[in-house]
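Every number here is computed from the coordinates shown, using simple stated rules; none is lab data. Everything numeric in this text was worked out from a predicted model, so none of it was measured. Cβ atoms come from the backbone with ideal geometry, glycine included; neighbour counts cover every protein chain shown.
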Amino acid sequence: MSKIIPERMTADMDGEFVVFLIGARINRWWKIGSWWLVFSAMPRMLIELAKNPGMGLLHVQSHFGFGTATSIQYWRSFEALEAYAKNREAAHLPAWAAFNKAIGSNGDVGIWHETYVVKPGQHESVYNNMPPYGLGRAGTLVPATGARQVARTRMAGNA
């Protein structure tokens, strides 16, 4: 477990970055083969990306609920994310093809994603009594003091 930082911190990011949210929802519990196919694919991709930091994934945080999984991913750029998604040598394309062949739009498992390109100075964050987390793991944590003490100045990029 990461060490708790007992002060207010904020994330400093160098340039533009991407927040990519992706998830799945089990719609038909009795279709174990369908949802197992989906829920077992993401760990393979994340392991591959962790072993190859040059692919552009900066950090990932996964959350699990009753019948759902969500992965919050931070990427260096949209181009890096898109290159991974289209890479014929990587784990994503075979997983996507297997999903479309086995499930497609039959309703067994729902999948979704959202992609946000974040320009410099168009984000702000604060962490207090937390280990490095989220954007703070993707970028660099710095004390939220001085100009960085207030959300408005963090958001404006004036910190």
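Points worth noting:
- When the chymotrypsin sites (Phe, Trp or Tyr not before Pro) in the stretch 61-116 are filtered for DSSP coil states and for at most 10 other beta-carbon atoms within 10 Å of their beta-carbon, the remaining sites are F66.
- If you take all other residues with their beta carbon under 14 Å from the beta carbon of L141, and give Lys and Arg +1 and Asp and Glu -1, the sum is +1.
- Table column - 3J(HN,Hα) (Hz), the stretch 8-25, Karplus curve with 6.51, -1.76, 1.60, x for Gly and Pro: 6, 10, 9, 8, 10, 10, 8, x, 5, 8, 10, 9, 10, 9, 9, x, 9, 9
- Qualifying trypsin sites (Lys or Arg not before Pro) in the stretch 1-98, DSSP loop, other Cβ atoms within 10 Å at most 14: K3, R28, R88
- Residues whose amide H lies under 5 Å from that of S77, counting only those 5 or more places away or on a different chain, are V18; hydrogens are built 1.01 Å from N in the peptide plane.
- Rounded to the nearest 20 debye, dipole of the chain from Cβ charges on Lys, Arg, Asp, Glu: 280 debye
- By the count of neighbouring beta-carbon atoms within 10 Å, fewest first, L141, L135 end up ordered L141, L135.
- Listed values for the stretch 126-140 are Karplus-derived 3J(HN,Hα) couplings in whole Hz (6.51 cos²θ - 1.76 cosθ + 1.60, θ = phi - 60°), namely 8, 9, 9, 6, 10, x, x, 8, x, 4, x, 7, 6, x, 10, and x replaces Gly and Pro.
- Helix runs (DSSP H) in the chain reaching 20 Å along axis by Cα, Kyte-Doolittle at least 0.5: 32-51
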